[in-house]
Each structure stands twice: as structure tokens, then as C-alpha cells.
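Trainee: The structure is given below, and queries will be raised subsequently.
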Amino acid sequence: VNSSNTSFIVLAAGKGTRMKSELPKVLHKVCGKSLIERTLAAIAPLAPAEIVVVVGYGAKLVESEIAEIKTRPEFSSLTITTIRQETQNGTGDAARIGLAACAAASEYIAIVPGDVPLLGQAELRLLYNESAVAVRLLSCYLAEPRGFGRIIRNAANHVERIVEEADASESERKVTEINSSVYLLERTFLAQALGALTPANAQGELYLTDVVSQATAEARVVDAVVVKDAQRLAGANTIVELSALEQLQRRRIVESHQLSGVSFEDPQTVYVDEQVQIGADSWIGANSRLYGRTTIGSSVVIEGDCRIVDSEIQSGAVIKLGSYLAESVVGANSAIGPFVQLRPGTVLGAEVKLGNFVEVKNSKLGVGAKANHLAYIGDASVGGGSNIGAGTIFCNYDGVKKHHSQVGENVFIGSNSVVVSPVEIGDSAYIAAGSTITKDVPSGTLGIGRARQTNIEGWVERKRGKQDVKKK
Ligand code: UD1
Ligand code: MG
């Protein structure tokens, strides 16, 4: 028996009533990845014949999440389909619907719940460690087993049946070995056993767990593999449980970066999503939030108190305290911040410098460009070596449409200028401080767009009298 001869069924139709949330449970996230994506990512390396996901509550939302997941390279070689379970009549009913949708001619069926966020490929591989049996499942010991199905073993220590909390006797409730809901089953046995399920239990549902007692009644072999790291099998039924699992996963993520040469000022306060990549010798300050598909090069310094989403920070860059970045690129050896905002579509070349209170949106800045203080650069391209003076604003919006401006290389824009887009400022041009630029400025030219200063002699004396001027 091997995984290529197995169809996987993922049970993901439940609402997750105990989450007290409108969002289907499997769309809740742990470290930036939905529970359903985590489950599929754990299965993917086993390269099964197919994966059938049983959806129900919020089916449309779950189906579209799965459609998106399927477009990712890690999942491209897998066959993933979904099938709807219209009413949630229990895990046994869900398994039956899933099995009917299995198209591959696999001899084995694996069943995995969609709400076990820390389940990994290592645990799933345990299903294949030994020779084939009718049912093999993963169990673990929990000091606090409340809410889970208990594994009931006979005098010879063989698994006899699984009893749900609601149906368990007082002594059965004391059993601390619990069912993880991760199974590998012989297909022909499963098909027959699912057909024989009845809802004669406390919840009036079809329990998938009842296939175990059917197997033992027919003297078939049932095997439970005890997983030592119980957290790997922990289901998330409430937001409290979900957040506890997220904390564990967060620590694991940070540790894996530490083991590949990344330093964290205070690992407890750093939030790093699963997909984030960080190069060696980078240093990540306290309260950094690194989310989504963010990539950080080597020897980058992130001072902390920042939020970086789906961005690329190239090697040697420094992101100073309090910066807020989304869908942006920061070139190698650039220094930005403190308190910079980079909005989607920002691409900074190498060695760019942005100082405090600079906002950039949908703009390109060339190598070595600078905006050291208080500026807004929106919908513009700025050539290498250009300097944007303090307080400069690109007026990219006329109340109806957005416009783009082009600034050449080595341009000097004096402080407090307003660039009313669309304009083009040629290479090496100068803009006088305080200008409002509404027309193109050719290369090598000084553009001045402001009222000329006049000094009126004696004006104050005439206004307020001689005495008053002397006092000052
Ligand atoms: C189930 C097991 C229990 C085990 C526990 C481990 C049963 C009867 N009980 O209980 O032995 O200890 O998991 O976490 O199997 N689902 C459907 N359709 C349904 C019902 C559920 O798709 O009609 C899906 C849910 O979305 C979920 C999974 O099956 O992903 C498990 O369902 P859940 O209600 O969480 O079962 P538990 O009560 O946790
Ligand atoms: Mg559950």
C-alpha cells in the first residue's frame, strides 16, 4: 500500500458552529494560510491519486478558495475536486458522499478532517509505515480529552471501537487516547461499512467512527498509530483553540528562520506568515509583522513596529521603525523610514533613500533616488539620482482621473513643490522650491512656478508706528 494507490477525502462541509463565525471554519487562517490550504499542503507531498474535498456550509466560498489554491505551483500536479454535501448529516455521511466522488481506481481511501491546522505530511506518512490493514488511524494521548472521540481498546490492547464524547460512559470518558479523524481504509471495506451506518447515537448523525466497530465485528484488523506530538493532530473547534495553535505554529516558523541564520530582536512579538522567506543574516526587530508572500533578502535590517504585506525587500536594505508596506519592492541597500508608507505598485531601485513621513504609491524610483522628508509620490516614475525635496506632493488626481508624471534622472525638485500630473520633467532639470508645476520642464532647465517675492520698505512703520518697530 502506498499513497499513489490512495484517494484522499477531505471533510470540510461543517459550519464549525463552535467558531461562532459566519466564515466557514476551513477558511479561517493560521499564520496567513487557510485551514483548507494547510490540509491540502500536508497531503500534496504524498502525491495521491486524487483529493476529493467534501464541502457544504459556505460551499461557494470554499470552492473558490480551492480553485485559487489549485493555481499555485505546489498543487499543479494534483487532481483536486470538490463535491457538495447538502445537509451535514455527520462525518459518515460526508465520507459516503466523498467516496462516491472518487474517480480514480485507488484501492485505498484516506480520510482527513479539514480542521486540523498543524497536521503535516510526516503524520500522514505514518499511515503507510506498516503493512496494509482494513483501517489504520492516527491517535494521540491528551491530558484533557474532552470533546474528542475516545479509542476503546480490548484486553489484548487492540482497537475495538471509537466512542464519541456524547455517547461515552463515565469510565469511557476517562480514556485519554483520542481519535484524530485521520484514517487510511481499504476501499471495498469502507464502501460496505459506510452503507451499513445508522444514526442511532446521541447526535442522530452518521458517525464515520462507527466503521471501526464494524471492522472488528468482522474480525478485520484495525490499527491505531499513536502520534507523540499531539498538537499535530489537534482540531480547531473554537477561536480559542485556533489561536493557541497559531501561537505554536508562529513559534515554529520563527524557529525555522532562526535555524537558517535570521536573528529576531524579540521572537515573541514577531508575526511571520507561513509563505514568507527571509535570507540569512537578516535582523528582524520587535513587533514586526511580515505577512503573505513577502520575500526578504539577506542582511536586511527591519527595525520593527512595521507591517509588510506581499512585498519584496532586497538584500542589504534597511526598513526603519514604524513603516507600512504593501505589494511593493524595495531595492538592494535602500534605506526607508522611519514612518514610511509604501502602497501597492511601488518599486524602489537599489540604494533609494526615503525619510520620515514619505508615502509612495504605484511609482517607480530609480537607483539612488531620494525623498528624505514629508512627501507624497503617487503615479510617477522618478529617474535614478533624483532628489525630491521636503514637502513635495505629486497631484495625481484631478477629482475624476488619476494621471502619471515622469521625472528624469538627476532631477532636483525643491522643497514644498507641487507637481500637477501629468507632466514630464527632463533629466537634470531643477524645480525651484515652492513651485506649482503644471507644464513640462525640459532637460537641463530650471522650472519656477510661483509668485515673485517683493519687499515693501517702511511698510510696518506706516502700519503700526515708529515706536512699535523699535520695541522689537
Ligand atoms: C470528529 C470525530 C471524533 C474525533 C474528532 C477529531 C466523528 C463522529 N467524530 O469529531 O471521533 O475525535 O473529529 O477532531 O467523526 N464534517 C462534514 N460533514 C458533516 C460533519 C462534519 O464535512 O456532516 C467535517 C467537518 O467540517 C470537520 C470534520 O468533518 O472538518 C470533523 O467534524 P467535526 O464536527 O469537527 O467533528 P468532531 O466533533 O470534532
Ligand atoms: Mg472537529
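The values are calculated or read from the model by the stated rules, or taken from the named source; none is laboratory data. If you're wondering where the values come from, they're calculated on a predicted model, not measured in any experiment. Reconstructed Cβ throughout: ideal geometry from the backbone, glycine too, with neighbour counts over all protein chains shown.
Trainee: Starting from residues that are at pLDDT 95 or above and among the hydroxyl-bearing types (Ser, Thr, Tyr), keep the ones in the range 127-169 and report whichever is nearest to residue 108 (Cα to Cα).
Mentor: Looking at residues that are at pLDDT 95 or above and among the hydroxyl-bearing types (Ser, Thr, Tyr), I get 128.
Trainee: Could you tell me which of the residues 86, 65 is of a type in the set (Asp, Glu) and farther than 27 Å from residue 202 by Cα?
Mentor: Only one candidate qualifies: 65.
The rows are residues; the columns are (1) at positive phi; (2) within 20 Å of the chain's Cα centre (by Cα).
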| position | (1), (2) |
| --- | --- |
| 17 | no, no |
| 20 | yes, no |
| 28 | no, yes |
| 55 | no, no |
| 62 | no, yes |
| 66 | no, yes |
| 91 | no, no |
| 97 | no, no |
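Trainee: Continuing with this model, one more query. Test residue 78 against the criterion of being within 25 Å of residue 132 (Cβ to Cβ), assigned to a helix (DSSP H, G or I) and either away from ligand 2 (no atom under 16 Å from the Cβ) or of a type in the set (Lys, Arg) (or both), and give yes or no.
Mentor: It is false that residue 78 is within 25 Å of residue 132 (Cβ to Cβ), assigned to a helix (DSSP H, G or I) and either away from ligand 2 (no atom under 16 Å from the Cβ) or of a type in the set (Lys, Arg) (or both).
Trainee: A further question follows. Name the single residue that is nearest to the chain's Cα centre (by Cα) among those in the range 290-307 being under 12 Å from residue 322 (Cβ atoms) and surrounded by 19 or more Cβ atoms within 10 Å (Cβ to Cβ).
Mentor: Out of the qualifying residues, it is 306.
Trainee: So which of 91, 82, 71 ends up being within 13 Å of ligand 1 (Cβ to nearest atom), out of contact with any Leu (no Cβ under 6 Å at 6 or more places or on another chain) and modelled with pLDDT of 95 or more?
Mentor: Residue meeting the stated conditions: 82.
Trainee: Hey, among 136, 161, which residue is touching a residue at least 60 places away in the same chain (Cβ under 8 Å) and assigned to a strand (DSSP E or B)?
Mentor: Only one candidate qualifies: 136.
Trainee: Restricting to the range 208-241, count the residues that are farther than 17 Å from residue 134 by Cβ and of a type outside the set (Lys, Arg).
Mentor: The total comes to 14.
Trainee: Which of the residues belonging to the range 341-362 are buried (at least 24 other Cβ atoms within 10 Å of the Cβ) and in contact with a Gly (Cβ under 9 Å, 6 or more places away or on another chain)?
Mentor: 348, 352, 354, 358, 360
Trainee: Name the residues in the range 231-247 that are surrounded by 17 or more Cβ atoms within 10 Å (Cβ to Cβ) and away from ligand 1 (no atom under 16 Å from the Cβ), would you?
Mentor: 246
Trainee: Can I ask one more? Would a scan of the range 223-230 turn up a residue that is outside any strand (DSSP E or B), out of contact with any Pro (no Cβ under 7 Å at 6 or more places or on another chain) and loosely packed, with under 15 Cβ neighbours inside 10 Å?
Mentor: Looking for residues that are outside any strand (DSSP E or B), out of contact with any Pro (no Cβ under 7 Å at 6 or more places or on another chain) and loosely packed, with under 15 Cβ neighbours inside 10 Å, one finds at least one in the range 223-230, hence yes.
Trainee: Give the residue that is nearest to ligand 1 (Cβ to nearest atom), with candidates limited to residues of the range 1-58 that are of a type in the set (Ser, Thr, Tyr) and within 23 Å of residue 126 (Cβ to Cβ).
Mentor: Looking at the filtered set, the residue picked out is 39.
Okay, residues lined up against (1) touching a Lys or Arg at 6+ places or on another chain (Cβ under 7 Å); (2) within 16 Å of ligand 2 (Cβ to nearest atom); (3) of a type outside the set (Val, Ile, Thr):
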| residue | (1), (2), (3) |
| --- | --- |
| 198 | no, no, no |
| 211 | no, no, no |
| 222 | no, no, no |
| 226 | no, no, no |
| 241 | no, yes, yes |
| 268 | no, no, yes |
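Trainee: So residue 182 ticks every box in (1) in contact with an Asp or Glu (Cβ under 9 Å, 6 or more places away or on another chain); (2) within 23 Å of residue 232 (Cβ to Cβ); (3) more than 16 Å from ligand 2 (Cβ to nearest atom) but one. Which box is left unticked?
Mentor: (3)
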